[in-house]
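Please treat every number below as a calculation from the coordinates, not as lab data. Being a predicted model, the structure only gives us computed values, none of them experimental. Note that each Cβ is placed from the backbone with ideal geometry, even for glycine, and that neighbours are counted across all protein chains shown.
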Amino acid sequence: MTTRQPDASDYTTSSRSPAAVGLIIFAGIMMIMIGVFEAIQGLVALFNDEFYVVGQEWVFEFDITTWGWIHLIAGIVVAVAGFFVFQGAVWARAVGIAAAVTAAVLNFMWLPYYPIWSLLIIALSVFVIWALAAHGRDVTS
């Protein structure tokens with residue numbers, strides 16, 4: 001009677017989709033980039049109040065320094081959440097989605113100050129939300 005020794009193929013039954021893993025990695029990188037961009041945007045508003053020119057008045061009209069602090073703090077939170085998305089935990093995906101939603105909303109309110117940049121960050125945030133919500137479960141299962 002011969003017994004078969006287990007080999008590596010017996011233990012490689014992972015159902016992870018390479019596309020889903022790639023999208024989650026891309027979403028994490030995008031979150032780190034969005035966070036850094038937000039933080040830089042906030043620092044510019046803090047150090048140079050006259051850099052941003054206000055067009056038409058909107059309901060969300062704050063002082064540029066206040067917007068600077070808001071963007072700086074939000075940028076740090078988004079970048080840190082992007083780092084934790086790489087850990088693959090469910091809570092990291094939930095925090096990542098919440099941080100991306102926050103970044104999108106803040107940039108919507110920031111539209112009068114820097115419209116094209118805000119639209120770009122909103123679009124990237126929507127992609128991050130989609131990637132984390134649609135494909136995050138594929139990575140951790």
(message) Sort 98-104, 38-44 by packing, meaning the average of other beta carbons within 10 Å per residue, with the highest value first.
(response) 98-104, 38-44
(request) Using label points projected 7 Å from each Cα along Cα→Cβ, tell me how many nm separate residue 76 and residue 62, to one decimal. (result) 1.4
